[in-house]
Structures are given as structure tokens and as C-alpha cells.
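The values are calculated or read from the model by the stated rules, or taken from the named source; none is laboratory data. Owing to the predicted nature of the structure, the values given are computational and were not obtained by experimental measurement. Every residue, glycine among them, receives a Cβ derived from its backbone with ideal geometry; neighbour counts consider all protein chains shown. With ligands, DNA and RNA removed, areas are computed over all heavy atoms of the protein, side chains included. Shrake-Rupley method; radii C 1.70, N 1.55, O 1.52, S 1.80 Å.
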Amino acid sequence: MRTHYCGQVDARLIGQEVTLCGWAHRRRDHGGVIFVDLRDREGIAQVVCDPDRPLMFGIAESVRSEFCLRVSGRVRARPPGTVNPNIASGEIEILCYEMEVLNPSVTPPFQLDEENLSENIRLLHRVIDLRRPQMQKNLQLRYRTTRAFRRFLDDAGFIDIETPMLTKSTPEGARDYLVPSRVHPGQFFALPQSPQLFKQLLMVAGFDRYYQITKCFRDEDLRADRQPEFTQVDIETSFLNEGQIIDLMENLIRMVFKEVIAADLPQPFPRLSYTEAMNRYGSDKPDLRVTLELVEVADVLKDVSFKVFANVANSPGGRIAALRIPGGASLTRGEIDAYTQFVGIYGARGLAYIKVNDVAQLNESGLQSPIVKNLHAPALKAIVERTAACSGDLIFFGADRRKVVNDALGALRVKIGHEKGFLNGRSWEPVWIVDFPMFDYDEDERRWTACHHPFTSPKDEHLALLDSDPGRCLAKAYDLALNGSELGGGSVRIHRAAVQEQVFKALGISDEEAQLKFGFLLEALKYGAPPHGGLAFGLDRIVTMMAGAESIRDVIAFPKTQRVQCLLTDAPSGVDEKQLRELHIRLRQRVETQVQIAQG
């Protein structure tokens, strides 16, 4: 039906006849000559309709926004002064010979170039929203990104293998999405949170390089930029150690960014231990574009008269960190109060500060703050020296449990860095975070939990710590962060059944529970399982960053809202009683309502 896409018609085709199909983006009547901007996925072409061809012109007069059209005509240069350098077809126009309305359109709910549309309106009318040029670009960017991933992995000897969507529920992380079985009453499948166990089984089966671009599902609590279903680039390989896997995945990401958006990422990526990242940046996915850093000062505040500091400094789980803001003494009281409110989101009960008016005077004359009089001279001197404070700077303090301080000051560091311009000027700052703790202690449940997942291998030299001191055990785990967002994470896996059983024991998982949930994995590991490891990249997040989009919903064709709803299809929705009976399910709410009716 067509010879070219609209956006592909350029000056090279001048004098040729073309046939285009698309939608009427805009129609303009200029005193007897009608202009129709015809749009398809590749761009826009200007179509000129003059009254010399009455039949065609009559059709053009009837055209309205979003009519689906087929147009034939001759390509010619635009008149001087009318060239549009912003589009690929900006030097030419099509003199229309024939026009066919393939399908008219009712008035759309909004204009495609309309700004400040609410997200709910966009998602309710997603089909129209997807016609907008920016959304077309975003989804094509997503396609090019997945194509680049596939090309690299195919060339590196990886095999694309599908794993099941209906699997066994093993709720070790987020909640599973459960699927009731009609054939097995009272039993359920789960949608996969990750293909983790299946890709490990594929390594045992001898497929030593696997990948899959796959949907995963997590029934997580609501968050601003999370989706209940998301796409990850899932990768696993055998016979490579931790460093070799990191190098290979780094080359993959470097190539993808270069091919898709012509971005040159550094070579090599820097690497930080988890401990260093938390100490310096308060985050295990630090934004290295921000030049501000946290400094530990608890050790010099143990004997000060300011009890808020002294109590935390002498607490085993406490941290006191300082964050220097160059030139920050000029911050107004209102700005400081706003930052204090901001850290409260992360559980901080306050935000102490010192304005350094004169660094030569370590007293209330040179240091302006309500807390200075309660800090002795040696402490003040150590704080100024460690933070490298100068006259005119401001120092913020976080004093609380370590997690609260890291979360609060880590977020404040990024907020001030971007608001006040404390940036290094580089567009992309990747960083590997390595040497993660193997376990984290859950105070509420009074047991150790896996920081990544229970199939992550401990460092070889820390195997003995699994029984004696799990808190000191480090894992062969690694995460890749970019500009403060996690792109992906992975680990070397446990490939010996005895070590896997040790880890289950450290996590408080009994032999019976391990067999019930993971018996198939433990059995497989006994048959010469190779050393293996891998990683999964979050495709949605990567494309969001590449597109410069505000939300991952802008790079997903049909996303859910923050309330986990699809406004377009009105899902989730109820189902009829017949379907429920076939699944051996009764809804408690319906049963209670029926009982109330029966009781009058």
C-alpha cells in the first residue's frame, strides 16, 4: 500500500512519485491550498493538496485530525523560506495526486502535541498516547536497546532459552503473584520473580552461556517507579570467576550505550566495595556525578556534652556523618528547614548543622550553630579538618542508626548536589559495587536474611564464617549502578550442595523446608554442577535513562499505574462465579454478603 515511510522521504527522492500511509497529524487550509502533515512511526511528511484535482481536493477538505490516510504524489523541494530543519523530510513536500481515507477518526481525547496531560488521562487513552512522537521514539529506542543486547550476547556465544512462566512459589523476597490450578484443587503456581533457579539448572544441564529477555513479576508494595511486571535481561554463564563476569558485562553495557545512543562510557568502570560506597556516599548505588561526600566523625564525638551526638557515637549500631556544602553558609534558614523536612522522609529526627563563617576561629565567633557551644575544641578541629571545610562553607550532620543516616544524608547529598550544581560535568557515571555482605540481620524476626538471595556464593576465604560469624561473611556479589540508579545486579552462585545447605542453615532454613522448597536444586547440584554466575539488567530502567524519560511508564507500551491498575483495560477486574467454581475458589467477601442476606 505504500512505497516509503513518511520520515524517510527526503531530498534524494525529489522528482519521484511516492505512496505514503499514516495519520493526519495536522490539516491547514491556506486560501485554496490544503496542507496535511502526514505522520507515521518514522516521522512527518508535508502533503500539499491543490484544487487542480477536484476529487482529491474534496477528500482533503473532509480530512480531520487522526484520519488514517493513503496518499500518492510527487516529491518536490519546498519553496525558499519554508524549509523545516527539525524533521528529516523538512526540505521536501509531496504534491498530492491521490488521497484515500482508509478510516476516519472521531475527535481524539487530546491533541498529540498537548502538554501537561495527566498521567491517568494518558494511560486511559494509551492507544492515542502511543501515537505521540515522543512515545514512538521511546518504544523504538527500547527495541534498538533489546536488539543491541541480543547482538552482543549472540556474538559472545550465549543461547536464548525460555524458562517457565508458571512455576513454584518460593517467597524469599517480594510477594509472589499466585495462579490457582484448576486441575489440582487448592494448589497454586507462581509467576516468576526471576528465572534464577531455572538458569542455574541450565548451567548444570551444560548450556554454559544462557540469556533471556523476559518478564518477571513481583507483588511489591506501591512505589513511584516500580511495575508489578517488568522486563529484565537475564544472563548466566559457567566457568568464569567474579572478575571475568564483571568484565564481560561491563563490555556489554558499554557497547549497548555506544550503539543505541552514541554514549561513550568510561573504560574501565570504577569499582567500590559496598562498605566504601556506604561510608562515602550513603548508598550502594551512588550518583558519582555529585562531588559531595560523607565523612565519618562519630569517633571524635563520644565525650561531647551534646547528648544527641554522644549517645549515638557510643551506640554500636549508630553513625554520625558530616556532609560539607561548599559556600553553604549562604543558605537561608528557610532552605535549611526545607532540607530538614526532606531528611525526615528517611526517618531522620533532625538535621544539625554548622555554618563556617571563619575557619580560623573554632568557637562561636567563627562557627555559627546552636550546637557549637556543646562541642569541645578538639572535636570541632577534627570535624573541620576531616571535612576540609573553608570559610563560607556549611556542614550538615546526621546522627542516628546507621541505616537512617545513610539513607537520609545519602539522599540529601544527591538533592543538594543537583540543586546547587555540585556536579563533575560528566553525563554518565557507572560504578560497580562489590564485596557485599552475605547476610543482613532482621531485628524483628531475629534471624539472618540473604542480602541478595540465598543462592549467592560466599567468598572462598569466608566459608568458615557461615557457621561461626555470618555477619562478617562477604559475598561474591556485584551490582552495576549508573547515575544513582541500579542497572543490574548478580553474583557467582553456590555450585556445591554442601555449601548451599550451609547457607540455608545460616538463614534458619531447616533441612525439611529446604527440601520442600529447593529440593530439585539441591539434587541437581549433586551431579557435577559447574562453577557459574550471572547477572540481570533491568531493561525498563536502562531505556528510561537512555530516553531521559521521567518515568519507566514512558518506555513501556502498556504499563500499570502506581495503584497497580491498567486503566486502558480496567484490570484487575472481577470474574464470574463459574470461573471461580472451576478454580475451587470462593471469595470471602461474597460469602459474608450472602450470609448477611440469608440472615435478613
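Quick one: the Cα spread of segment 471-531 along its three principal axes, in angstroms, biggest first?
Extents along the principal axes: 43, 26, 21 Å.
With viscosity set to 0.692 mPa s and temperature to 37 °C, compute the Stokes-Einstein D of segment 279-337, Rh being the Kirkwood radius across alpha carbon pairs; µm²/s, no decimals.
Numbers: Rh = 13.5 Å.
Estimated diffusion coefficient is 244 µm²/s.
For LYS415, project a label point 7 Å along Cα to C-beta. Then give me every residue of segment 333-377 with its amide nitrogen under 13 Å of that point.
335-352
Assign one of three labels to segment 118-237, namely rounded, prolate or oblate, based on the Cα gyration tensor with a ≥ b ≥ c the square roots of its eigenvalues; rounded applies when a/c is under 1.5, prolate when it is not and a/b is larger than b/c, and oblate otherwise.
Taking the square roots of the gyration eigenvalues as a ≥ b ≥ c, segment 118-237 is oblate.
Picking from PHE239, GLY398, GLN515, whose Cα lies most toward the positive end of the charge dipole for the chain (charges on Cβ: Lys, Arg +1; Asp, Glu -1)?
GLY398
Amide H of LEU288 versus every other amide H placed in the peptide plane: which residues, excluding those fewer than 5 positions away on the same chain, fall under 5 Å?
ASN483, GLY484
Could you give the distance between the Cα centres of segment 252-275 and segment 375-444, to the whole Å?
A separation of 24 Å, based on Cα centres.
Could you grab the relative contact order for the chain? Cα pairs under 8 Å, six or more apart, rounded to a whole percent. Let's see the in-between values first.
Numbers: 1128 pairs, mean separation 77.2, N = 600.
Relative contact order of the chain: 13 percent.
Can you give the Rg to Rh ratio of segment 321-400, both from alpha-carbon atoms, with Rh computed by the Kirkwood formula?
Details: Rg = 12.1 Å, Rh = 12.7 Å.
Reported Rg/Rh (Cα atoms, Kirkwood Rh): 0.95.
Applying a 10 Å radius around every beta-carbon, put 397-405, 466-474 in order of their mean neighbour count, most first.
Highest mean packing first, the order is 397-405, 466-474.
If you take the Cα Rg of segment 399-529 and divide it by 2.2 N^0.38 Å, with N the number of residues, what do you get? Mind dumping the intermediate values first?
On the way: Rg = 18.5 Å, N = 131, 2.2 N^0.38 = 14.0 Å.
So the Cα radius of gyration is 1.32 times the expected 2.2 N^0.38 Å.
Given (i) 1.05; (ii) 1.03; (iii) 1.16 as candidate values of Rg/Rh (Cα atoms, Kirkwood Rh), which corresponds to the one derived from the coordinates?
Working out Rg/Rh (Cα atoms, Kirkwood Rh) from the coordinates points to (i).
I need the helices of the chain that pass two filters: whole DSSP H segments spanning 18 Å or more by Cα along the axis, and mean Kyte-Doolittle score no lower than 0.5.
Span-like helices, by this rule, are 242-261.
May I ask you to list the residues of segment 47-85 whose amide nitrogen lies under 12 Å from a point 7 Å from Cα along the Cα→beta-carbon direction of THR107?
65
Explain nothing, just compute: Karplus ³J(HN,Hα) = 6.51 cos²θ - 1.76 cosθ + 1.60, θ = phi - 60°, for every residue of segment 227-234 in order, whole Hz, x for Gly and Pro.
Per residue, the Karplus-derived 3J(HN,Hα) values read 10, x, 10, 9, 10, 10, 8, 9 Hz.
Residues with beta-carbon under 15 Å from that of VAL63, excluding VAL63: net charge, scoring Lys, Arg +1 and Asp, Glu -1? Before the final figure, lay out each step's value.
Working: positive: ARG26, ARG27, ARG28, ARG39, ARG53, ARG64, ARG70; negative: ASP29, ASP37, ASP50, GLU61, GLU66, GLU98, GLU100.
That works out to 0.
With +1 on the Cβ of every Lys and Arg and -1 on the Cβ of every Asp and Glu, and nothing else charged, how large is the dipole of segment 108-259 about its Cα centre, in debye rounded to the nearest 20?
The calculation lands at about 440 debye.
Report, by chain and number, residues whose modeled amide H sits under 5 Å from the one on ARG447, excluding near sequence neighbours (fewer than 5 apart, same chain).
Placed amide hydrogens put ASP442 under 5 Å from ARG447.
Give me the dipole magnitude in Debye, nearest 20, for segment 374-487 about the Cα centre, with unit charges on the beta carbon: positive for Lys and Arg, negative for Asp and Glu. It would help to have the intermediate numbers written out before the result.
Numbers: 14 positive and 18 negative charges, 96 e Å.
Using only the charged Cβ atoms, the result is roughly 460 debye.
How many angstrom separate the Cα center of segment 450-498 from the Cα center of segment 58-133?
53
Once phi is turned into θ = phi - 60°, what whole-Hz ³J(HN,Hα) does the Karplus curve with 6.51, -1.76 and 1.60 give for every residue of segment 481-496, x standing for Gly and Pro?
10, 9, 6, x, 10, 7, 7, x, x, x, 6, 7, 8, 6, 10, 10
Using the Karplus curve 6.51 cos²θ - 1.76 cosθ + 1.60 with θ = phi - 60°, work out ³J(HN,Hα) for each residue of segment 447-460 in order, rounded to whole Hz, and write x for Gly and Pro.
Along segment 447-460, the couplings run 7, 7, 10, 6, 5, 9, 7, x, 9, 7, 7, x, 4, 4 Hz.
Take peptides 290-300, 328-338, 12-22 and line them up by average Cβ neighbours within 10 Å, highest first, as a rough protection proxy.
290-300, 12-22, 328-338
Round to the nearest 10 and report in Å² the accessible area of HIS495, as given by a 1.4 Å probe over the protein chains' heavy atoms.
40
Do the sum for the chain: with -39,500 (n - 2.57) for every DSSP H run of n ≥ 4, divided by all residues, what is the mean residue ellipticity at 222 nm, to the nearest 500 deg cm²/dmol?
-9000 deg cm²/dmol
What is the sum of charges around LYS505, taking Lys and Arg as +1, Asp and Glu as -1, for the other residues whose C-beta is under 10 Å from the C-beta of LYS505?
-3
Give the residue list of chymotrypsin sites (Phe, Trp or Tyr not before Pro) in segment 211-309 that are DSSP loop and have at most 13 other beta-carbon atoms within 10 angstrom.
Details: sites: TYR211, PHE217, PHE230, PHE239, PHE257, TYR274, TYR281, PHE306, PHE309; in loops: PHE239, PHE306.
In loop regions of segment 211-309 (DSSP not H, G, I, E or B), the sparsely surrounded chymotrypsin sites (Phe, Trp or Tyr not before Pro) are PHE239.
Based only on Cα atoms, what mean projected area does the convex hull of segment 198-268 have, in nm²?
6.8
Express the accessible area of segment 105-211 per residue in Å², computed with a 1.4 Å probe while the remaining protein chains stay in the model.
Value for segment 105-211: 56 Å² per residue.
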